[in-house]
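Report on the structure given below.
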Amino acid sequence: MSLHAPSCAELIRAIDAADSADAMLDAVEALAEVRSLDAIPTLIEVLGYNNPGAAVAAVDGLIQIGEPAVVPLLELMDGYNYTARSWAVRALAGIGDPRGLQVLCDAAMTDFSFSVRRSAAKGLGFVRWEQMSQEAIAPAQGQALDTLLEKIRDEEWIVRYAAVVGLQELTHALIQQLQTSEPSPAVREYGQRIEDAFNQSLQTEKQLVVRARIRLAQQEIRHLKTSE
């Protein structure tokens, strides 16, 4: 006798029927695993529940679904409760779609929660620039860079660390662009700005873990400067 695999609709009903936090978590994890487009609205709805474990599972599921989840997430940002919005920022950061760039920049700059600022800052380094038109990449990277250079001075060290990670990943993208036949003139300029920011931060940063990450990232900058 073959086992019946529950349909997406059945998994959604299991979430509605969950009578405990653990049951909710199990149901959301099961729904997230199917990676169905039909699951997107329910996974987004879960972001607003008072259940952090289920929210994490929903974020993971939305990230796995990827690009199709971006527009629904963006459409539900306005008027959404703060808890849901903060989880949505995490999902957008994990997906890396450039349509979420403005949301990530705004969250990194203004969100009162350091955990949200951290997620947004890190996410800015993982934007999938190749999904943008060539003429749009440099301005968009400039916006991300401006935000990250502000966040490397954030009052919370964990946000500063995330900004360093974001800058390091942005450097990877710049290196790749430098190796194309016609790199943007902004590539080396952006690399120099990152290098200058790291040098300045090393003069003032007190957290050893942040300093260590800066030094690791500087190795990428040296590669950028010597690449032709």
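List of remarks:
- Complete set of residues in the range 114-125 that are open to solvent by 10 Å² or more (accessible area, probe 1.4 Å) and touching a helix residue (DSSP H, G or I) at 6+ places or on another chain (Cβ under 6 Å): F114, R117, R118, S119, K122
- Exactly one residue out of D22, D38, D26, D16 is open to solvent by 60 Å² or more (accessible area, probe 1.4 Å), in contact with a helix residue (DSSP H, G or I) (Cβ under 7 Å, 6 or more places away or on another chain) and in a helix (DSSP H, G or I), and it is D38.
- Filter result (touching a Leu at 6+ places or on another chain (Cβ under 8 Å) and closer than 30 Å to S133 by Cα) within the range 196-215: A197, F198
- Exactly one residue out of R193, R160 is over 14 Å from the mean Cα position of the chain (by Cα) and open to solvent by less than 70 Å² (accessible area, probe 1.4 Å): that is R160.
- Of E135, E195, E189, E169, all but one fail to be under 22 Å from G94 (Cβ atoms) and assigned to a helix (DSSP H, G or I); the exception is E169.
The values are calculated or read from the model by the stated rules, or taken from the named source; none is laboratory data. If you're wondering where the values come from, they're calculated on a predicted model, not measured in any experiment. Neighbour counts run over all protein chains shown; Cβ positions are idealised from the backbone, glycine included. To get the accessible areas, we keep the full protein, side chains included, count just its heavy atoms, and leave off ligands, DNA and RNA. Shrake-Rupley method; radii C 1.70, N 1.55, O 1.52, S 1.80 Å.
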